[in-house]
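In what follows, a structure is listed as structure tokens, so that the remarks can point back to it.
We did not get these values from a lab; they are worked out from the coordinates using the rules stated. From a predicted model like this one, the values you see are computed outputs, not experimental measurements. Here the Cβ positions follow ideal geometry from the backbone for every residue, glycine too, while neighbour counts run over all protein chains shown.
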Amino acid sequence: MLTLITQTFKSIFFTYKNIFHFILSKILIILLSLLIWFFIIFPFWLILILTIYLFDINYLIIDFLRNLLILMFLYFSFFNFKLLFSKLSLKYVDWKKMKFSLKKYFNLKHIIKNFYFSLISLFWFIIISCAFIIIFWILILIYWWINNINNLVTSSITNSFSVISLIFFILYLIFISYFLYRIYFSFYILLESENKPITKIIKKSIQKTKWFFKFLKLLLILLIFLIILFPYNYFSQLNDYKLKNIKNYIKIKNKIILNQIITEKEKIDYLFLKKEFWTINNEKLVEKYNKSNRINILYFVLHFVFIFWIFDLVFASFYKKEIK
């Protein structure tokens, strides 16, 4: 366990040592992933636009198809993005840098296999989710049946059902997390086993992650890194919360000055925010808002440079030490 943690930290230090390479790689991976799937999805957009002009189609159908294409673009771009980042992470874990070459970033065989993997993952995610939804509906029907027998909704039955629903939802999240863990390392296996079919790659990932102890070990490592990042996340969210409050206070105050109608929620928010900001004049309030906004931008830059996708190094180190 200590060796694994040491290896992970060494990989992260190597990454930070080559920070400019890391930043540039992230930008290239994001842009390339979006561009690849933009060109793949673009013909479908053209077909949709032509269909709208040539045929009289219901607006709801058009809206559904448009949203479906956007979701497809984002979903498959993410999988391509994840694959390229996995390739980069495996290099950093071996204390090497990935060359800025189109061949390294654009591999048609990897893209096709990754596409199949994304479809298989989506299929099983839908199957698992549907199974849980069916079981949940059965629970609702049982609750409805018990309620009809009693001809009364008792507080004990309602509370029991609420608790059962919460437990059921937590179990669903645990099950999905474990399922994703079992197939997650397919990305790394795919990169190191190019000639294997995708079904065998997924099976290998499932076989290599069969021990639940490994899953607990990974959770422990992730927890360590979450604790390390806690101060950053706390102060970042605190500043974000402060920024939203100032913005909301200025917005409601301007509405009151202009005699505009404000909602009940805005009235409650204004009474709460007034306690914090009523002593500050408008000029200082705007200055405070601008300062918080600048800090927010700084947090965003720090996040992108040092934190964004750093957890993939944790997974890549875990793969090298525990899974491979």
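At-a-glance table
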{"read-out": "Counted charge near residue 9, where neighbours are those whose Cβ lies closer than 13 Å (Asp, Glu -1; Lys, Arg +1)", "value": "+3"}
{"read-out": "Calculated P(r) of the stretch 1-106 - Cα pairs past 17 Å, %", "value": "63 percent"}
{"read-out": "Order by protection proxy (mean Cβ within 10 Å, highest first), peptides 296-308, 279-291", "value": "296-308, 279-291"}
{"read-out": "Karplus 3J(HN,Hα) series, Hz, for the stretch 299-313 with 6.51 cos²θ - 1.76 cosθ + 1.60 (x for Gly, Pro)", "value": "4, 5, 5, 4, 5, 5, 6, 9, 10, 3, 6, 5, 5, 5, 5"}
{"read-out": "For residue 185, net neighbour charge (Lys/Arg +1, Asp/Glu -1) across residues whose Cβ lies under 9 Å away", "value": "+4"}
{"read-out": "Net charge, residue 306 excluded, C-beta distance under 15 Å - Lys, Arg +1, Asp, Glu -1", "value": "+1"}
{"read-out": "Highest to lowest packing among 60-67, 244-251, scored as the average C-beta count within 10 Å", "value": "244-251, 60-67"}
{"read-out": "Cα gyration tensor, the chain - rounded (a/c under 1.5), prolate or oblate", "value": "rounded"}
